[in-house]
Amino acid sequence: MIKIRGFTKRYESFIAVDGLDLDIDQGDVFGFIGPNGAGKTTTIRFLTTLLKPSTGQAWINGHSVTQQVDQVKRSIGFMPDMFGVYDGMKVWEFLDFFATAYGLPRGKRRALIDDVLDLVDLTHKRDTLVNGLSRGMQQRLCLAKTLVHDPPVLILDEPASGLDPRARVEMKALLRELQKMGKTILISSHILPELADFCNKIGIIERGKLLAAGPVKDVIRSIRQNRVIKIMLSHPSEACEVMLAHHPQVRNLSSAEMEFKFEFSGNDEDVQKLHHDLMTANLPIVWFAEVEADLEEAFMKITKGLVA
């Protein structure tokens, strides 16, 4: 649904994005991860036809971003990180303005506006002035604006920026609903834990270079050569530490009172055997589990080389 090949953007001697290749399939919810200044917004501005590339090309819904601008605009709903609202304009008028801009016929606009207001849970604010809405409601209204022409692709730049915790939860629930509707969604963000909740794929960009991309679990798994296992005891046990320290598949063992953490080079069967051996030895184990990596750990390890 979104294909980028060789996208580069230069500003004199500064390269904002360097040779980006990226594929996002239909129905994907793709998290575009990177710190401020990494190249996320530059890439989004290119995809939304707001920025010409120095080199490279992209296609959205089969249309060339540089050569079929009108078709691309009809295929996308774009929610920028910063957006303006209009003083004196009611919520329904705000949506009607954009529906008109997309060329939707007058006879259909009322029903479409009602539908998107219901989707973003703003029906009760239909006649409220836009500038009187809370920040969270304005974010949901901006998302509603991107949906009035029912685009197959949504491009959202920091959709949770500036929201309080409750508004973040509401935004995540809304994005999950759009995912169920089959929308292809590209989300740019630096709030990593939230992306892990609903993205099926991610791309990590730093200093204009795409460092990793693919299914979330695959990217996270790629940062670790070995599993990490954590054991908690009901009371101190020197025998447990001795067994772990002398086990051939245990690496980098660390302990803190009644807790052990270590890398383990074995497969699932080896983990099962280790657990069995420890329990057979009547050690006071109350918790034995593999510690899963997360997006924050993946990002830090993948970008470490560039930062250094």
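In order along region 120-126, phi translates into HN-Hα couplings of 8, 6, 10, 4, 6, 10, 3 Hz, rounded to whole numbers, per the Karplus curve 6.51 cos²θ - 1.76 cosθ + 1.60 with θ = phi - 60° and x for Gly and Pro. Among rounded, prolate and oblate, which fits region 17-63 when a ≥ b ≥ c are the square roots of the eigenvalues of its C-alpha gyration tensor, a/c under 1.5 means rounded, and a/b larger than b/c means prolate? Oblate.
From Cα pairs below 8 angstrom and at least 6 apart in sequence, can you work out the relative contact order of region 227-292, rounded to a whole percent? Relative contact order comes out at 52 percent. What net charge do the residues around ILE113 carry, taking every other residue with its C-beta under 13 Å from that of ILE113, with Lys and Arg at +1 and Asp and Glu at -1? Result for the local shell: +1. The distance separating the Cα centre of region 48-64 from that of region 253-295 comes to 49 Å.
In a reduced charge model with +1 at each Lys and Arg Cβ and -1 at each Asp and Glu Cβ, the chain shows a dipole moment near 1300 debye about its Cα centre. Summing Lys and Arg as +1 and Asp and Glu as -1 over all other residues whose Cβ lies under 10 Å from the Cβ of ASP21 gives a net charge of +1.
Taking amide H atoms as placed 1.01 Å from N in the peptide plane, the amide H of LYS90 lies under 5 Å from those of VAL130, each 5 or more residues away in sequence or on another chain. The simple spin-label model puts a point 7 Å past each Cα toward its Cβ; for MET82 and TRP287 those points are separated by 4.4 nm.
Taking other Cβ atoms within 10 Å as a rough exposure proxy, CYS240, CYS199 sort from fewest to most as CYS240, CYS199.
Between ALA256 and GLU12, the modelled label-to-label distance comes to 4.9 nm, taking each label 7 Å out from Cα in the direction of the beta carbon.
When DSSP beta bridges are restricted to pairs lying wholly in the chain, around 65% turn out antiparallel. Summing Cβ point charges (Lys, Arg +1; Asp, Glu -1) relative to the Cα centre of region 227-292 gives a dipole of roughly 60 debye. On full extension, the segment bounded by THR66 and SER234 gains 54.1 nm, given 0.36 nm per residue less the C-alpha separation. Entry note, the chain: relative contact order of 20 percent, from Cα contacts under 8 Å with a spacing of 6+ residues. By the beta-carbon count within 10 Å of each Cβ, the least crowded to most crowded order of MET79, MET89, MET279, fewest first, is MET279, MET89, MET79. Proximity of backbone amide H atoms, modeled 1.01 Å from N, is registered between PHE78 and ILE155 at under 5 Å, excluding neighbours fewer than 5 places apart on the same chain.
Quick check on region 96-165: take the gyration tensor over C-alpha atoms, sort the square-rooted eigenvalues as a ≥ b ≥ c, and tell me if it's rounded (a/c under 1.5), prolate or oblate. Oblate. A simple rule links phi to the HN-Hα coupling: the Karplus curve 6.51 cos²θ - 1.76 cosθ + 1.60 with θ = phi - 60°, which for region 149-166 gives 9, 6, x, x, 10, 10, 10, 10, 9, 6, x, 9, 4, x, 8, 6, x, 5 Hz, with x for Gly and Pro. For ASP270 and MET181, a Förster radius of 51 Å and the Cβ-Cβ distance give a FRET efficiency of 0.75, rounded to the nearest 0.05.
Taking Cβ atoms as reference points and 13 Å as the exclusive limit, the residues near ARG224 contribute a net charge of -1, counting Lys and Arg as +1 and Asp and Glu as -1. Counted by neighbouring Cβ atoms within 10 Å, the residues LYS273, LYS52 run from fewest to most as LYS52, LYS273. For region 101-157, the relative contact order works out to 41 percent when only alpha carbon pairs closer than 8 Å and six or more residues apart are counted. Axis angle, to the nearest 10 degrees, between helix 91-101 and the longest C-alpha principal axis of the chain: 70 degrees.
All of the numbers you see were taken from the coordinates with simple rules; none came from a lab. Just so you know, these numbers come straight off a predicted model, no measurement behind them. We place every Cβ from the backbone using ideal geometry, glycine too, and count neighbours over all the protein chains shown.
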